[in-house]
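Here is the structure we will look at, set down as structure tokens.
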Amino acid sequence: MGRLWLFPRSAPRSLFKGLVVLWLAAVSADLCGPVAAAAEALAVGKRAAIVRLEGMITPFTPSYLERKLETARSDGAELVIIEIDSPGGELFSSMRIAQMLGDVDWAETVAYIPGAGAHGALSGAAFAALGCDRIFMGGAAAIGDAGVIQSDGENAFRYVPEKERTHVVRTIRDLAAAHGRPAALAEAMVEKDLDVFKVRNKRTGAETYMSEKELAAAEDGDDWEKGKPVEESLGKNFLEVNGARAVELGLADGNAESREELCKQLGVAGQPRVLQWTAVDTVVLVLNWPVVTGLLFIIGLVALYFEMSSPGLGMGILIAGLCFALFFWSRFLGGTADWLEIVLFLAGLGFLALELFVLPGFGIAGLSGMLLLGASLILASQDFVIPHTGEQLATLLTTLSVLTASMLIFFVLATVMSRYFGSMPILNRLMLQPPAAHAEQPEGKAADEPALGDLGVADSALRPAGRARFGHRMLDVMTDGEFIDRGCRVEIVRISGRRVFVAPAKEDGASGAGP
């Protein structure tokens, strides 16, 4: 006995029509869905940004690239094209760039090496290209030749020993393998004695490129059949190939002779924004030069000394603040400073202020303040704490030299300022000259005007600047370097512009210097 179906009388015909309609709808969805999705993707495309990486790679290049990547991310870029035209440069900066590009997880990264470029992606720039998800090159563009060299003090350059290349070899192999590129070819860019061969797996038919030592170490080495060598790796040469050859070897994903052709292949929507070197980047670079850094230190310290010599919020503190703000700003954008250095610098200023205006003498607080200031300036000038390489040691010595020279020049200028600033031509016009600036108190002078020989009492400790009371009037005063305790009688010995210099009153005998 068959199955029983409970349907209305018109159910068979209505059911058939309904099934036909549902079938047509399903077929239409299957056919039209991909077409509609493709049309939508074509219409929308990928939002892209182009970041120019050109010229020598220096310790400032990673921070430049990091800023541009952050800008691209803020713009909502789904595709970041790193347009490379560089002969390479500093090793660790190149490796840092490659790691930075490999860590980008919010967009796809594409290295583009145009054939019209002067350099291509050579040496350290090859690391940057291998760190990207995909590589496109112009037919005449070049990639490779990443031999590690250094100066030995006698000859201009020499290749580093094998032991020092181990980390570099592992890094470049990992970069290539992470994106499915032949690791042996990448290694041949930094190892001139490495011969690479095209090999074929006899069981699976897969083809790739391996070196002799890789074949010997492979567990399935017997399954690989060695073919022709890669010509560019022979003859003790660092591997370097053009765009067409790179695609053939699997190092690059395609060829494109222009930005427009590249964007078309990648499905980029509209005109991508080009992020390149700007005036701000130039200012940051100039401010990081040792000579300019030294000038900032000197001007800032002299301005601070001038402000402390004439207490009160004035041009001195503003100029000093501007100099040190420019220093830390350039180091922030240069990638060597962080908030720790700012905290150390402010803490150092706080300790010095505590020592000068609160605590007697010069002790732990003053010494700690100077150490904190020095540490903040040194750490802000480098991206390491303890040097581990010759280059890092050279950077530390340069920083110490700049800081030491700046302090010596500052002490000389401070000595000159304290004695002769008020009488220097042109400079003396920057300050108002009171009626009794260089003469004995004349008859009929106003009662509130300070004059030579006036006696008063130190209202605060003078180290060397502070305040003293002369009758009913309170004046900002300073000594010629000696410390005078609060409450000691003082005498005006010199007036230079707005600055009033005092010394212990003669009737008080010995100096009232603090401990």
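Quick note: the coordinates plus some simple rules give every number you see, no bench work behind them. Small disclaimer: the values here were computed from a predicted structure and weren't measured. For neighbour counting, all protein chains shown are included, and Cβ atoms are generated from backbone atoms with ideal geometry for every residue, glycine included.
Fewest neighbouring Cβ atoms within 10 Å first, the residues Thr336, Thr61, Thr278 line up as Thr278, Thr336, Thr61. Scalar couplings 3J(HN,Hα) for region 241-254, obtained by applying the Karplus form with A = 6.51, B = -1.76, C = 1.60 to θ = phi - 60°, are 9, 8, x, 5, 5, 5, 5, 5, 7, x, 7, 10, 9, x Hz; x denotes Gly and Pro. Here's how it looks for Glu225: its modeled amide H is under 5 Å from those of Arg200, Asn201, Lys202, which are all 5 or more places away or on a different chain. Proximity of backbone amide H atoms, modeled 1.01 Å from N, is registered between Ala337 and Phe332 at under 5 Å, excluding neighbours fewer than 5 places apart on the same chain.
Could you give the length gained on full extension between His472 and Ser74, defined as 0.36 nm per residue of separation minus the Cα-Cα distance, in nm? Write down the numbers at each step before the final one.
Working: separation 398, 0.36 × 398 = 143.28 nm, distance 6.22 nm.
Here the segment from His472 to Ser74 would lengthen by 137.1 nm.
Set the bar at 21 Å for Cα to Cα. Now go through Lys198/Lys236; Lys68/Lys264; Lys202/Lys236 and name every pair that lies beyond it. Going by Cα-Cα distance, Lys68/Lys264; Lys202/Lys236 fall outside the 21 Å limit. Between Glu248 and Arg273, the FRET efficiency estimated from the beta carbon spacing at R0 = 30 angstrom works out to 0.35.
Residues Arg489, Arg331 in ascending order of nearby Cβ atoms (within 10 Å, fewest first): Arg489, Arg331. The simple Förster model, with R0 at 35 Å and r as the Cβ-Cβ distance, assigns Leu393 and Glu219 a FRET efficiency of 0.20. With neighbour counts taken as other beta-carbon atoms within 10 Å, the residues Val286, Val402, Val148 rank, fewest first, as Val286, Val148, Val402.
Cα extents for region 146-267 along the principal axes, largest to smallest and rounded to whole angstrom: 50, 46, 25.
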